[in-house]
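Here's the structure, in structure tokens; my notes come after.
The values are calculated or read from the model by the stated rules, or taken from the named source; none is laboratory data. Only a predicted model underlies this, so the values are computations on that prediction, with no experimental measurement involved. FYI the Cβ positions are ideal-geometry reconstructions off the backbone, even for glycines, and counts take in every protein chain you see.
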Ligand SMILES: [Zn+2]
């Protein structure tokens, strides 16, 4: 029998990650309150990113989109309540320029990609007068196209593939530019696969973007034209992706965006410089953590964001307030254990 050692190691690593994260999630509500230093929560900004919301677990179970990041509508309501009850004030990016009060704790809500299913969140935030930023992938909106990672998810899931295999295929595709990904989708699933299946997987229509943008609590941001993972592109390609999106956003809303969120969170120094040259004031990453609020200046402000999940806010809220989530805590713990193990090994070698 020929065992693939590498493959076995990968499976063990995945299982450890899964159970490690679960144990940390359960311990969080007990341990985290002891770690939260309330003074340190002040003058910090927590930014959360969502994709869309599910109406119910039944809607989630339809598997019309990759379900990993989406909360339920009632969980979103509880999420906002949790932070309001812990003294957080929800702000928009512009507030960072006009100056904000000292000794306050702040939070910001952002939605990536432009899913129509973020509409229930828009309704809730409007009801509570809480601002939200909507980062739109303009080609999907203009052409009413399903997002490529959802196409991979829904077709492969229907074919009976495992979540792990689907995740690997999606990660593989993230190494390419948009035209290559599109070619792959057409070759594997056909051109018709871009047609959305329902309101769950479709993007906003242009009219809906106009409608959403008219609320004083909405800000529209750039998420490139084709959800381009910008680190795969040369300078010209980066500019083209950002400018094409800006042009459409201007036509739809009458405004040029100040905010950009990098698709898949990928950026580098060159990308930050280009975004600044193109007139953006705020760049939203997916680097996890808290943002320390500093006085505004003329430079581009690069912001960290925390990913949200379907987990109950009572379980995960204290992690967020520490600028973390169970996954980042797991990685930290694993990193420290590995470091300790290496240090012990080194001491043993030196003693010999
Ligand atoms: Zn995105």
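Couple of notes before you dig in:
- Selection status of residue 247, free of Cβ contacts under 8 Å to residues at least 40 places away in the same chain, more than 15 Å from the ligand (Cβ to nearest atom) and in contact with a helix residue (DSSP H, G or I) (Cβ under 7 Å, 6 or more places away or on another chain): no
- Filtering the stretch 216-235 to residues that are surrounded by fewer than 15 Cβ atoms within 10 Å (Cβ to Cβ) and assigned to a loop (DSSP other than H, G, I, E, B) leaves 216, 234.
- Filter result (within 16 Å of the ligand (Cβ to nearest atom) and more than 19 Å from residue 317 (Cβ to Cβ)) within the stretch 48-102: 51, 52, 65, 66, 67, 68
- Residues of the stretch 99-113 satisfying the condition of being touching a residue at least 12 places away in the same chain (Cβ under 8 Å) and out of contact with any helix residue (DSSP H, G or I) (no Cβ under 7 Å at 6 or more places or on another chain): 99, 100, 102, 103, 104, 106, 108, 110, 112, 113
- Selection status of residue 155, crowded, with 16+ Cβ neighbours inside 10 Å, out of contact with any helix residue (DSSP H, G or I) (no Cβ under 6 Å at 6 or more places or on another chain) and in a helix (DSSP H, G or I): no
- The stretch 126-152, residues that are away from the ligand (no atom under 16 Å from the Cβ) and either part of a loop (DSSP other than H, G, I, E, B) or out of contact with any helix residue (DSSP H, G or I) (no Cβ under 9 Å at 6 or more places or on another chain) (or both): 126, 127, 128, 129, 130, 131, 144
- When the stretch 108-120 is limited to residues that are within 16 Å of the ligand (Cβ to nearest atom) and at pLDDT below 95, the one that is farthest from the chain's Cα centre (by Cα) turns out to be 117.
- Count of residues meeting criterion [surrounded by fewer than 20 Cβ atoms within 10 Å (Cβ to Cβ) and either assigned to a helix (DSSP H, G or I) or at pLDDT 95 or above (or both)] in the stretch 60-79: 7
- When every residue of the stretch 84-91 is checked against the conditions, at least one turns out to be in contact with a strand residue (DSSP E or B) (Cβ under 8 Å, 6 or more places away or on another chain), crowded, with 18+ Cβ neighbours inside 10 Å and closer than 27 Å to residue 247 by Cα.
- Candidate set: the stretch 253-266, residues that are touching a residue at least 12 places away in the same chain (Cβ under 8 Å) and over 21 Å from residue 109 (Cβ atoms); chosen: the one farthest from the ligand (Cβ to nearest atom): 256
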